[in-house]
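See below for the structure under consideration.
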Amino acid sequence: MKKINCLLLILLSISSFSMAQVKRIYAEKENSFIKYKLTHPLHEVEAGSKDQICVIDADTAKREIKAALVQVGVATFNSGNSNRDSHAMEVVDAITYPAAKFLSNNITAKGDSLLISGKLTFHGITKEINISAFEKWTDKILEVDGRFDISLTQFKIGRPTLLLMPVDDDLRFSFKEVFNL
C-alpha cells in the first residue's frame, strides 16, 4: 500500500508539472510599439518605434506573466522630423550605446494591473525601474499596455535646449505589446 501511495504521489507530481503552460512568446511587431514623450516649455516631442524585441515567459493556463525582456534600438525611434531624430541620436550617443534593454526581475499582478520591476540599461547605465501596466487576456491574444518615466540626468544624458531653455528631465515612455497565445 505504501508503494502505491508513493507511486501515486510521483504520478501526481509529474502530471501537475507537465500541465504547466509556461511558454516563451514574442510580441507581434506590427501591432506593438514603444513611444517616448519629451517635454519642452514651448512644445512636446513624441517618437515611436515598432522595431523592438519583446519576449515574455507566460503561464497561459493561469494567465500569468512570469518574466519579460525588451530590447529596442535607440536609432529606430521616429518623431516624423529627421533633423530632430538625428539630434536625439547625438544626445543619447546612439553609436556608442545603440540599444536600450529591460529585463524584469519581479512581476506582480493585482486584477488586470501589473507592477513590473526590473533593470533598464540605457546610455550604458543600468538602473532599477518600476513599470505600471495593464494586461488583457483573451483565448488567443494577450495585450499589455503600460508606462514609465526615466530621468535623463540619472542616465547621464544632457538635457537638450531650445532657445536656451532645457527640456524637462523626465522622459516619459508608453508601450503596447501584443502576443498571440
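The values are calculated or read from the model by the stated rules, or taken from the named source; none is laboratory data. Note that the coordinates shown come from a computational prediction; the quantities given were computed from them, not determined experimentally. Please note: Cβ atoms are built from the backbone with ideal geometry, for glycine as well, and neighbour counts cover all protein chains shown.
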> For the range 168-178, does any single residue satisfy the condition of being small (Gly, Ala, Ser), under 13 Å from the mean Cα position of the chain (by Cα) and either part of a strand (DSSP E or B) or farther than 17 Å from GLN71 by Cβ (or both)?
Replying inline: yes
>> Given the criteria under 21 Å from ASP149 (Cα atoms) and in a helix (DSSP H, G or I), does ASP93 qualify?
In response: no
> So ASP93 clears everything in (1) surrounded by 12 or more Cβ atoms within 10 Å (Cβ to Cβ); (2) closer than 30 Å to ALA61 by Cβ except one condition, right? Which one?
Replying inline: (2)
>> Can you confirm whether ALA88 is in a helix (DSSP H, G or I) and of a type in the set (Gly, Ala, Ser)?
In response: yes
> Cβ-Cβ below 6 Å, separation at least six or inter-chain, first residue in the range 19-43 and within 14 Å of LEU171 (Cα to Cα), second among the polar types (S, T, N, Q): which pairs?
Replying inline: ILE34/SER49; ILE34/GLN52; LYS35/SER174
> Does LEU103 meet the test of being within 18 Å of ILE25 (Cα to Cα), part of a strand (DSSP E or B) and either aliphatic (A, V, I, L, M) or more than 17 Å from the chain's Cα centre (by Cα) (or both)?
Replying inline: yes
> Pick from ILE141, ILE131, ILE125: which is surrounded by fewer than 17 Cβ atoms within 10 Å (Cβ to Cβ) and closer than 16 Å to CYS54 by Cα?
Replying inline: ILE141
> For ALA61, which of the numbered conditions (1) within 17 Å of GLU135 (Cα to Cα); (2) hydrophobic (A, V, I, L, M, F, W, C); (3) at pLDDT below 95; (4) buried (at least 16 other Cβ atoms within 10 Å of the Cβ) fails to hold?
Replying inline: (4)
> Looking at the range 109-120, is at least one residue in a strand (DSSP E or B), closer than 23 Å to ILE157 by Cβ, under 13 Å from the mean Cα position of the chain (by Cα) and of a type in the set (Lys, Arg)?
Replying inline: yes
> If you go through the range 69-94 one residue at a time, how many are without any contact (Cβ under 8 Å) to a residue 60 or more places away in the chain and over 22 Å from the mean Cα position of the chain (by Cα)?
Replying inline: 7
